[in-house]
Amino acid sequence: MRKFLAVAAFAATTAAVSIAAPAAAQDMNADQSTGATAPDGTKAFGIDPYVAVMGGWEQFDSERNPAGIPQGFRNNKLNGSLVQGIAGVNIPLGPVFVGAEGNVAKGVSGDIDWEYGAAGRFGFRAGESGLFYGKVGYQWVNFDKRAPTNRDYNDVTYGVGAEFGPKDIGLGGLTGNAGFRIRTEVSTFGAAHSFRPMAGIVTHF
(Lines give C-alpha, C1' and ligand atoms only; values in the text may rest on other atoms or scores of the structure.)
Protein backbone atom coordinates (compact mmCIF):
# COMPACT_ATOMS: atom_id res chain seq x y z
CA MET A 1 0.00 0.00 0.00
CA ARG A 2 2.81 2.43 0.91
CA LYS A 3 4.62 1.69 -2.34
CA PHE A 4 1.44 2.30 -4.31
CA LEU A 5 0.83 5.67 -2.60
CA ALA A 6 4.43 6.71 -3.09
CA VAL A 7 4.26 5.80 -6.78
CA ALA A 8 0.97 7.67 -7.11
CA ALA A 9 2.47 10.76 -5.47
CA PHE A 10 5.50 10.58 -7.75
CA ALA A 11 3.23 10.22 -10.77
CA ALA A 12 1.19 13.23 -9.69
CA THR A 13 4.33 15.30 -9.26
CA THR A 14 5.65 14.20 -12.64
CA ALA A 15 2.35 15.03 -14.30
CA ALA A 16 2.26 18.47 -12.71
CA VAL A 17 5.78 19.24 -13.86
CA SER A 18 5.16 17.89 -17.36
CA ILE A 19 2.06 20.05 -17.69
CA ALA A 20 3.78 23.13 -16.34
CA ALA A 21 7.12 22.76 -18.11
CA PRO A 22 5.92 23.75 -21.61
CA ALA A 23 4.20 26.81 -20.18
CA ALA A 24 7.31 27.65 -18.20
CA ALA A 25 9.51 27.38 -21.27
CA GLN A 26 7.14 29.45 -23.39
CA ASP A 27 6.61 32.19 -20.85
CA MET A 28 10.03 32.40 -19.21
CA ASN A 29 11.35 35.11 -21.56
CA ALA A 30 8.20 37.17 -21.10
CA ASP A 31 8.48 36.74 -17.34
CA GLN A 32 12.06 37.98 -17.32
CA SER A 33 11.44 40.93 -19.64
CA THR A 34 8.17 42.19 -18.19
CA GLY A 35 8.53 41.20 -14.54
CA ALA A 36 5.35 39.13 -14.72
CA THR A 37 4.02 37.93 -11.39
CA ALA A 38 1.50 35.51 -9.96
CA PRO A 39 -1.76 36.97 -8.59
CA ASP A 40 -0.22 37.32 -5.12
CA GLY A 41 2.60 39.50 -6.40
CA THR A 42 5.31 36.85 -6.29
CA LYS A 43 7.26 35.69 -9.33
CA ALA A 44 5.42 33.39 -11.70
CA PHE A 45 8.61 31.30 -11.99
CA GLY A 46 11.58 31.05 -9.67
CA ILE A 47 12.47 29.95 -6.14
CA ASP A 48 10.29 30.65 -3.11
CA PRO A 49 11.92 29.87 0.30
CA TYR A 50 9.80 29.91 3.45
CA VAL A 51 9.70 29.16 7.16
CA ALA A 52 6.69 28.27 9.31
CA VAL A 53 5.59 27.76 12.90
CA MET A 54 2.66 25.42 13.48
CA GLY A 55 0.81 23.79 16.33
CA GLY A 56 -1.48 20.79 16.48
CA TRP A 57 -2.15 17.29 17.71
CA GLU A 58 -1.24 13.76 16.70
CA GLN A 59 -2.87 10.51 17.77
CA PHE A 60 -1.57 7.07 16.81
CA ASP A 61 -3.94 4.15 16.40
CA SER A 62 -3.76 0.95 18.44
CA GLU A 63 -2.84 -1.39 15.58
CA ARG A 64 0.65 -2.77 15.23
CA ASN A 65 2.09 -1.28 12.07
CA PRO A 66 5.17 -1.72 9.84
CA ALA A 67 7.05 0.87 11.90
CA GLY A 68 6.81 -1.52 14.88
CA ILE A 69 4.84 0.64 17.31
CA PRO A 70 3.44 -1.91 19.80
CA GLN A 71 -0.14 -2.30 20.86
CA GLY A 72 -1.57 -2.08 24.28
CA PHE A 73 0.29 0.63 26.17
CA ARG A 74 -1.05 4.00 27.24
CA ASN A 75 -4.59 2.57 27.00
CA ASN A 76 -4.14 1.89 23.27
CA LYS A 77 -3.58 5.57 22.61
CA LEU A 78 -0.32 7.33 21.88
CA ASN A 79 -0.95 11.00 21.39
CA GLY A 80 0.18 14.49 22.15
CA SER A 81 0.06 18.16 21.25
CA LEU A 82 2.94 19.51 19.16
CA VAL A 83 4.75 22.72 18.29
CA GLN A 84 6.52 22.45 14.94
CA GLY A 85 9.10 24.47 13.01
CA ILE A 86 9.40 24.10 9.23
CA ALA A 87 11.87 25.34 6.63
CA GLY A 88 11.44 24.71 2.94
CA VAL A 89 11.47 25.95 -0.61
CA ASN A 90 8.87 26.01 -3.38
CA ILE A 91 9.62 26.12 -7.09
CA PRO A 92 6.70 27.97 -8.71
CA LEU A 93 5.90 26.82 -12.24
CA GLY A 94 3.15 29.19 -13.31
CA PRO A 95 -0.14 27.86 -11.92
CA VAL A 96 1.48 24.87 -10.15
CA PHE A 97 4.48 24.32 -7.89
CA VAL A 98 6.79 21.65 -6.50
CA GLY A 99 9.04 21.86 -3.49
CA ALA A 100 10.62 20.26 -0.43
CA GLU A 101 10.67 20.98 3.29
CA GLY A 102 12.07 19.72 6.58
CA ASN A 103 10.40 19.82 9.98
CA VAL A 104 11.20 19.47 13.69
CA ALA A 105 8.40 19.15 16.25
CA LYS A 106 8.45 19.08 20.05
CA GLY A 107 5.73 17.41 22.09
CA VAL A 108 4.09 19.81 24.53
CA SER A 109 1.81 17.30 26.25
CA GLY A 110 1.04 13.60 25.95
CA ASP A 111 3.31 10.78 24.80
CA ILE A 112 5.30 12.38 21.96
CA ASP A 113 8.72 13.79 22.81
CA TRP A 114 10.25 14.77 19.43
CA GLU A 115 9.46 14.35 15.75
CA TYR A 116 11.49 15.28 12.69
CA GLY A 117 11.38 14.52 8.99
CA ALA A 118 11.40 15.72 5.40
CA ALA A 119 8.86 15.71 2.59
CA GLY A 120 8.27 16.78 -0.99
CA ARG A 121 5.27 18.96 -1.85
CA PHE A 122 3.33 19.38 -5.08
CA GLY A 123 0.17 21.31 -5.84
CA PHE A 124 -1.37 24.35 -7.47
CA ARG A 125 -1.80 28.04 -6.78
CA ALA A 126 -5.29 29.43 -6.27
CA GLY A 127 -6.91 32.82 -5.79
CA GLU A 128 -4.84 35.84 -4.81
CA SER A 129 -2.23 33.95 -2.81
CA GLY A 130 -3.54 30.50 -2.02
CA LEU A 131 -1.86 27.11 -2.34
CA PHE A 132 -3.41 23.64 -2.29
CA TYR A 133 -0.96 20.76 -2.02
CA GLY A 134 -0.21 17.13 -1.33
CA LYS A 135 2.98 15.91 0.31
CA VAL A 136 4.90 12.66 0.82
CA GLY A 137 8.03 12.10 2.85
CA TYR A 138 9.60 10.30 5.79
CA GLN A 139 9.08 10.98 9.49
CA TRP A 140 10.83 9.91 12.69
CA VAL A 141 8.90 9.82 16.00
CA ASN A 142 10.40 9.68 19.49
CA PHE A 143 8.02 8.90 22.35
CA ASP A 144 8.74 10.01 25.91
CA LYS A 145 10.34 7.91 28.63
CA ARG A 146 7.03 6.40 29.73
CA ALA A 147 7.06 4.13 26.67
CA PRO A 148 7.99 0.66 28.03
CA THR A 149 9.81 -0.53 24.90
CA ASN A 150 11.70 1.11 22.04
CA ARG A 151 10.99 4.85 21.98
CA ASP A 152 12.03 5.59 18.37
CA TYR A 153 10.01 4.75 15.25
CA ASN A 154 10.00 5.86 11.62
CA ASP A 155 7.85 5.46 8.53
CA VAL A 156 6.57 7.17 5.39
CA THR A 157 4.29 10.17 5.92
CA TYR A 158 1.52 11.55 3.68
CA GLY A 159 -0.52 14.71 3.91
CA VAL A 160 -2.69 17.34 2.27
CA GLY A 161 -2.99 21.01 3.08
CA ALA A 162 -3.71 24.57 2.05
CA GLU A 163 -2.26 28.04 2.50
CA PHE A 164 -4.24 31.25 2.34
CA GLY A 165 -2.76 34.73 2.19
CA PRO A 166 -4.30 37.91 3.66
CA LYS A 167 -6.26 38.82 0.52
CA ASP A 168 -7.80 35.34 0.37
CA ILE A 169 -9.22 35.64 3.90
CA GLY A 170 -10.44 39.23 3.66
CA LEU A 171 -7.40 40.91 5.24
CA GLY A 172 -6.19 42.77 2.18
CA GLY A 173 -3.87 45.62 3.09
CA LEU A 174 -2.75 44.14 6.42
CA THR A 175 0.50 42.73 5.10
CA GLY A 176 0.12 43.38 1.36
CA ASN A 177 2.40 41.06 -0.58
CA ALA A 178 4.79 40.45 2.32
CA GLY A 179 4.26 36.72 1.97
CA PHE A 180 2.46 35.80 5.20
CA ARG A 181 -0.05 32.99 4.92
CA ILE A 182 -2.17 30.86 7.21
CA ARG A 183 -1.42 27.17 6.69
CA THR A 184 -3.61 24.18 7.60
CA GLU A 185 -2.61 20.57 7.08
CA VAL A 186 -3.62 17.01 7.89
CA SER A 187 -1.02 14.24 7.67
CA THR A 188 -0.53 10.65 8.76
CA PHE A 189 2.28 8.35 9.88
CA GLY A 190 2.58 5.24 7.72
CA ALA A 191 -0.53 3.87 6.02
CA ALA A 192 -3.04 5.92 8.03
CA HIS A 193 -1.64 4.87 11.42
CA SER A 194 -1.98 8.34 12.90
CA PHE A 195 -4.13 11.45 12.55
CA ARG A 196 -2.21 14.74 12.67
CA PRO A 197 -4.06 18.05 12.14
CA MET A 198 -1.84 21.16 12.26
CA ALA A 199 -2.28 24.90 11.70
CA GLY A 200 0.00 27.89 11.81
CA ILE A 201 1.70 30.80 10.05
CA VAL A 202 4.10 30.48 7.12
CA THR A 203 6.30 33.34 5.87
CA HIS A 204 7.49 33.39 2.26
CA PHE A 205 10.52 35.47 1.31
*From largest accessible area down, sort Asp61, Asp152; use a 1.4 Å probe on the protein chains.*
Asp152, Asp61
*State the extension gain, in nm to one decimal, for the chain segment bounded by Val186 and Asn142, taking 0.36 nm per residue of separation less the distance between their alpha-carbons.*
13.9 nm
*Can you give the net charge of the other residues whose Cβ lies under 10 Å from the Cβ of Glu101, counting K and R as +1 and D and E as -1?*
+2
*Beta carbons within 10 angstrom, averaged per residue: use that to sort the peptides 94-102, 45-53, highest first.*
94-102, 45-53
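At a Förster radius of 22 Å, what calculated FRET efficiency corresponds to the Cβ-Cβ distance of Ser62 and Trp114, to the nearest 0.05?
Computed FRET efficiency for Ser62 and Trp114: 0.50.
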*Report the calculated FRET efficiency for Ile201 and Asn150 (r = Cβ-Cβ distance, R0 = 45 Å), to the nearest 0.05.*
0.85
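The values are calculated or read from the model by the stated rules, or taken from the named source; none is laboratory data. Given the structure is predicted, the values throughout are model-derived calculations rather than measurements. With ideal geometry, Cβ positions are generated from the backbone for all residues, glycine too; neighbour counts draw on all protein chains shown. With ligands, DNA and RNA removed, areas are computed over all heavy atoms of the protein, side chains included. Shrake-Rupley method; radii C 1.70, N 1.55, O 1.52, S 1.80 Å.
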